[in-house]
Amino acid sequence: MARIVLDVGLPLDVVDSDALPLPSVSGFEAPDVSLLGVIISHPHQDHYGLAYRLPSETRCLIGEAARSILLAADVFTPASASFENVTLLKDREPITLGPFTITPFLVDHSAYDAYAILVEAEGKRLFYSGDLRAHGRKGRLFERLVHDPPGSVDVLIMEGTTIGRQAQAFPTEAALEPPTGTAPPATEAGQAGRTPGRSASTRNGGNTPRISSLGRARRDHEGCRGVRARRSRPGRRRDRVPPRCRLSRALRFTAPAAGRLPAGG
Ligand SMILES: [Zn+2]
């Protein structure tokens with residue numbers, strides 16, 4: 001019987017990923033042609049972290065940007081993966097794999113290029129939310145999913161990482177930034193905007209929305225605004241312009257504004 005697998009994650013608290021037994025799934029330890037593919041919903045370790053231990057010919061379905069992120073992270077993360085047999089997920093573009101029709105839905109998540117997955121086969125429909133949220137920079141994707149969901153779903157598998165934290169409200173990414181011309185809020189991004197010179201933040205490197213928030217806060221740093229204002233004056237001598245904030249300059253390349261990001265989660 002043909003099968004597919006939705007995510008092949010590594011628990012986040014595992015120290016030695018090589019020592020962890022693989023889930024008992026035919027096709028994981030040795031090739032099995034009935035395993036048609038493994039879908040990686042997004043580039044978070046608890047969704048892809050064991051993929052590197054699967055047979056190299058295993059078909060992997062993953063977003064293009066997510067694949068690039070994992071390739072880049074391969075240098076730093078032992079459990080990262082470089083897949084040989086790849087089918088790229090694209091927002092709302094169905095993929096036929098044996099008896100399965102797989103339709104990805106781009107979602108808002110702290111990992112870039114994240115998808116919910118609709119699987120159709122033999123007249124049944126299963127919807128897997130992957131990890132998703134509504135308060136990120138692409139919260140509009142959550143609204144789109146709510147207003148235009150896949151209909152007539154027989155089985156729903158939902159993420160529930162924070163389902164037990166009902167008393168805890170999450171600020172939106174936009175709320176973490178200081179509005180231009182106001183005092184920075186007491187948040188990580190606000191701190192980055194308030195701190196002269198270089199500042200540091202420790203964070204999952206895959207959390208591109210937060211990196212973008214830091215970049216935006218830094219962009220609105222008072223000194224940087226001053227630099228831009230002075231540079232805009234005609235005739236001003238370049239050597240009298242203060243050196244630009246290096247972090248702001250770096251972040252402009254690593255964290256483009258959300259509106260200019262290519263399709264991704
Ligand atoms: Zn995740």
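The values are calculated or read from the model by the stated rules, or taken from the named source; none is laboratory data. Model, not experiment: these values are computed from the prediction. Cβ atoms come from the backbone with ideal geometry, glycine included; neighbour counts cover every protein chain shown.
Among the residues of this structure, Thr101 counts as one that is out of contact with any Cys (no Cβ under 9 Å at 6 or more places or on another chain) and either away from the ligand (no atom under 16 Å from the Cβ) or acidic (Asp, Glu) (or both). Close Cβ contacts (under 6 Å, 6 or more residues apart or on different chains) running from residues in the stretch 101-129 that are within 16 Å of His42 (Cβ to Cβ) and at pLDDT 95 or above to residues that are of a type in the set (Val, Ile, Thr) and more than 16 Å from the ligand (Cβ to nearest atom) comprise Ile102/Ile95; Ile102/Val119; Leu118/Thr103; Phe127/Val153. Of the numbered conditions (1) more than 22 Å from the chain's Cα centre (by Cα); (2) within 23 Å of Ser212 (Cα to Cα); (3) of a type in the set (S, T, N, Q), Ser110 satisfies every one except a single condition; which is it? In the conditions (1) more than 22 Å from the chain's Cα centre (by Cα); (2) within 23 Å of Ser212 (Cα to Cα); (3) of a type in the set (S, T, N, Q), Ser110 misses (1) alone.
In the stretch 44-61, the residues that are within 11 Å of Gly9 (Cα to Cα) form Cβ pairs under 7 Å with partners that are among the charged types (D, E, K, R), at six or more places apart or across chains, as follows: His44/Asp131; His47/Asp7.
When you scan the stretch 118-129, do you find a residue that is in the same structural domain as Thr96 (by TED's automatic domain parsing), surrounded by 11 or more Cβ atoms within 10 Å (Cβ to Cβ), assigned to a loop (DSSP other than H, G, I, E, B) and of a type outside the set (A, V, I, L, M, F, W, C), even just one? Yes, the conditions are met somewhere in the stretch 118-129.
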